[in-house]
Amino acid sequence: MNKLDSLESQSVYILREAYREFKSLAMLWSIGKDSTVLLWLARKAFFGHVPFPLVHIDTSFKIPEMIKYRDELALKWKLNMVYGQNKAALEARKTYPDGAIDRISCCKALKTDALRNTLAGTWPRYRINHQIGKYELDSNTEPYTGVIVGVRADEEGSRSKERYFSPRDRNNDWDVGDQPPELWNQFKTDFAPGTHLRIHPLLDWTELDIWEYIARENIPVVPLYFDQGTGKRYRSLGCYPCTSPVESTAKNILEIIEELKSGKFKNIAERAGRAQDKDDGGGLETLRRDGYM
Amino acid sequence: MKTPNLENLREQMNIVIVGHVDHGKSTLVGRLLADTGSLPQGKLEEVKARCARNAKPFEYAFLLDALKDEQSQGITIDTARSFFKSKKRDYIIIDAPGHIEFLKNMITGAARAQAALLVIDADEGIKENSKRHGYMMSFLGIKNLTVCVNKMDLAGYDQKVFEKIKTDYSKFLKEVNLEAVSFIPIAAREGDNIVSLSKNMPWYQGVCALEALDAFKKALPKDEQPFRMPVQDVYKFTAQDDDRRIFAGRIESGTIESGAEVIFLPSLKKSRIKSIESFNTSQKEKVFAGQSAGFCLETQVYIRPGEIMCKVSDKLPDVSLKIKANVFWMGKQPFVEGKTYKLKIATQHVPVVLSEIVSVMNASELSFAAKPHVDRHEVAECILETMKPVAFDKALDIPETGRFVIVDNYEISGGGVILSAVADQATSLNEHIRKREFDWERSHITPEKRAHKYEHKSALIVLAGQIDTGKQRIAKALEEELFRLGKFTYFLGISNRLALASADVKDKTLSRFEHIQQLGELAHILTDTGLILITSITDIDEYELNMLKSLNHPNKTLVVNVGENNFSDQGVDLLLTENEDPKIAVKKITDLLIRAVVLDPEYYI
């Protein structure tokens, strides 16, 4: 088996374990390339089906193409698509783009808090109605206790230490020093009531693996990843006020792969274009301890 | 679009770096990354600048210890992955902590690796953890091991220091049945013998650390071994008119092709591969070890996830209730006899008890002791008894189906490798029943006297089958009918609800087992009183049913299956169709009771 085959097989194994063990399971879909690969792997694992809801946290500052792409795929692939957001913060304009708070606090409010409350079912969730192709208030407010997430170990330090099955307590806290052992594909799947689990099937993938897999499987991705004539493209997608495109003329997946392998991005960290990582020395870790992905 | 020249046709290997605390593991990894140009641009400069700002000397280890926690304490708490390429292959380097209290994290890192670099400080020499980690490599089955004798600069680059450690540690490794592929004298901080041979140690002519990595051999594909696919799940997605029933799992060894005859263990049910299912690929005719796969079968067999699918023509795994194994304990509470734990082996989950400790070993001293329990960080040879038969291989033959973990109170607390099946199948259940019968103080009223008086014999009637098949309705109708006829009868409604509720309240495996146990004891008392006890249980399997019958012994148990029959024929006394008219069902059951001489036809009429 080559490397992509082994990575795929392991991720599929993890997804099937998660599905077998958790009654209330959801998968986060950020619309980015990693979580889209994750979604594709779920279709692999379950033979074309995605037997759990996909949850998207809409900060309202996502680039519009992303939302369009999300809804097109949701309808085409018959996904059980759900989104949630921090309505209160948005309505009160307490955000970084509104000049009210700093980047880290904005991420916490629009992403972390929205995520926690959406997963817990304490804030409204909106579910796509495939008949009418529109979102409706979801009457199901049951909390999701197992959440599948597309983080990769190569993204930054704290992610490099994650388990495939990572428990969080009631407050979503992550105890880095006391993580469960994982031996020979036996994961922590037994848990006391109140525990939440984050499941990470993509930990062993690198950015290059992701793009090569997208190329091999012909997975549709948001066109923002490609240069559309401006000499710029997004390498990592987030909210537009905090994510900048990189200088690149890569127009398709093969050119991106070339750029990562031997070209200009060979040794430049992927999240270099994300401003919030740079605040506070270890901004992402601070956020992650709090429940950020 | 033209096919890309995929880098990923290259080989990948996971390497773990282990050793005693402060012997320089993270420094070695940091150095490997820096000297091979594998760091992100600017990372080295950034960390150097941060050190300068905080007025502390730069360390290569800081490159890895990205977490604030670790930077402040200067130790590695958990394993971190780094990605790294040589000319030959891609590596994931797993930096494992050296502190004894983080041993479970070290094990986690090492269990994921195909090869290991073990670091020993030349200045400090072989420490307790150097030995413990060496033993754990052997335990985990890692054959590719290179020992790096680090900090040679502090030992004056002295060949004698290196040779002494090499001799002593080789001797130790031999005792644990392991041999290092190579020993390398290095100074990670200075970069000696990391990516090229150092001028500081002209007496050393072996490989440098980077070459040692490339010299590790990948394990051969497991295609030649017997076919094993532990069933992870059985899928039936009805959405979009999909009527496939797919047996999904990963092939741990061997290969299989369409049309092959298969057998599931421990249930011994057989079928044939009708098709190999996959998404976004062309139709597959054959699949190989390492692949996550899915199969449709020619005949419908009912099995629970956990059974191992094997090829009828291959050597089959062992099936047993007793296993001899080496167990490494990581739990905060000791591993003790008599307590019920959960065993996870491949995809099987079963209740297990520690039935005997043969010996307990201190992994750093390699000394054995007789002890009544196994403490944290100890390794013990022991006999485990499972509460239902499990299928497995010896770890030496097929590691993937010969290794297990033990769960104690939600936590993975032990890891183990199976040495062999134990021939003695005397179970604690049989022992318990034997003792119970011995201790039971029988009344003067014999079962015969009761039967004569009540005009029927006692029995436990179990209505088995899947959810929503009308079992409960039939059970209640039966109770009413028997009561109307003046029989002493009772419908125990709680058992079905408990069996279902256990799915979300507690540990499914253990609570179900406990519940069946309680139910068996209760049934035994009630049937001993002369009652006809009726109950219905959803999704009870053959082994649980046998347990119930054993516990109800010597009193009679009759099994009525409603709907699809998932038992082998001898287990069931009567088959009813799903949602059968209760009146007809009751008639069939009372006929069964007459045939089984529970009801005497004379009294019945």
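The values are calculated or read from the model by the stated rules, or taken from the named source; none is laboratory data. Computed from a predicted structure; not experimentally measured. Because the Cβ atoms are built from the backbone with ideal geometry, glycine has one as well, and the counts that use them run over all protein chains shown. Remember, those area values only see protein heavy atoms, side chains included, never the ligands or the DNA or RNA. Shrake-Rupley method; radii C 1.70, N 1.55, O 1.52, S 1.80 Å.
Observations, loosely collected:
- Checking B:254, B:249 one by one, the residue that is more than 10 Å from chain A (Cβ to nearest Cβ), crowded, with 17+ Cβ neighbours inside 10 Å and not hydrophobic (A, V, I, L, M, F, W, C) is B:254 and no other.
- Number of positions in the stretch A:15-31 that are under 28 Å from residue A:234 (Cβ atoms) and in contact with a Pro (Cβ under 9 Å, 6 or more places away or on another chain): 3
- Wholly enclosed strands (runs of 3 or more DSSP E) of the stretch A:92-183 bearing at least 1 residues in contact with a strand residue (DSSP E or B) (Cβ under 8 Å, 6 or more places away or on another chain), within 14 Å of chain B (Cβ to nearest Cβ) and at pLDDT 85 or above: A:146-148, A:165-168
- Among the residues of the stretch B:472-494, those identified as in a helix (DSSP H, G or I) and open to solvent by 10 Å² or more (accessible area, probe 1.4 Å) are B:472, B:473, B:476, B:477, B:479, B:480, B:481, B:483, B:484, B:494.
- Where a residue in the stretch A:113-132 is over 27 Å from residue A:195 (Cβ atoms) and open to solvent by 40 Å² or more (accessible area, probe 1.4 Å) and its partner, wherever it lies, is in a helix (DSSP H, G or I) and modelled with pLDDT of 90 or more, with Cβ under 8 Å and at least six apart: A:130/A:75
- Of the set (1) within 30 Å of residue B:141 (Cα to Cα); (2) open to solvent by 50 Å² or more (accessible area, probe 1.4 Å); (3) touching a helix residue (DSSP H, G or I) at 6+ places or on another chain (Cβ under 6 Å), all apply to residue B:203 but (1).
- Selection status of residue A:226, aromatic (Phe, Trp, Tyr), facing another protein chain (nearest Cβ under 8 Å) and surrounded by 18 or more Cβ atoms within 10 Å (Cβ to Cβ): no
- Set B:410, B:341: member being within 15 Å of the chain's Cα centre (by Cα), at pLDDT below 90 and within 30 Å of residue B:546 (Cα to Cα): B:410
Conditions tested, residue by residue: (1) surrounded by fewer than 17 Cβ atoms within 10 Å (Cβ to Cβ); (2) farther than 30 Å from residue B:90 by Cα.
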site: B:149; (1), (2): no, no
site: B:166; (1), (2): no, no
site: B:177; (1), (2): yes, no
site: B:227; (1), (2): no, no
site: B:241; (1), (2): yes, yes
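- Residue match in the stretch A:4-26 (condition: touching a Leu at 6+ places or on another chain (Cβ under 9 Å), within 30 Å of residue A:241 (Cα to Cα), in contact (Cβ under 8 Å) with a residue 24 or more places away in the chain and open to solvent by less than 10 Å² (accessible area, probe 1.4 Å)): yes
Yes/no matrix, rows are residues, columns are (1) without any contact (Cβ under 8 Å) to a residue 60 or more places away in the chain; (2) open to solvent by 10 Å² or more (accessible area, probe 1.4 Å); (3) part of a strand (DSSP E or B); (4) more than 23 Å from residue B:143 (Cβ to Cβ):
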{"position": "B:322", "(1), (2), (3), (4)": "no, yes, yes, yes"}
{"position": "B:349", "(1), (2), (3), (4)": "no, yes, yes, yes"}
{"position": "B:368", "(1), (2), (3), (4)": "yes, yes, yes, yes"}
{"position": "B:390", "(1), (2), (3), (4)": "no, no, yes, yes"}
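- Among all residues of the stretch B:334-341, there is none that is of a type in the set (Ser, Thr, Tyr) and in a loop (DSSP other than H, G, I, E, B).
- Any chance residue B:262 is within 11 Å of another protein chain (Cβ to nearest Cβ) and at pLDDT 95 or above: no
- Those residues of the stretch A:204-242 which are assigned to a loop (DSSP other than H, G, I, E, B), modelled with pLDDT of 90 or more and under 18 Å from the mean Cα position of the chain (by Cα), in sequence order: A:205, A:219, A:220, A:221
- When the helices (runs of 4 or more DSSP H) confined to the stretch B:506-605 are screened for residues that are open to solvent by less than 60 Å² (accessible area, probe 1.4 Å) and either at pLDDT 90 or above or farther than 20 Å from residue B:493 by Cβ (or both), those reaching at least 3 such residues are found at B:508-528, B:542-552, B:582-595.
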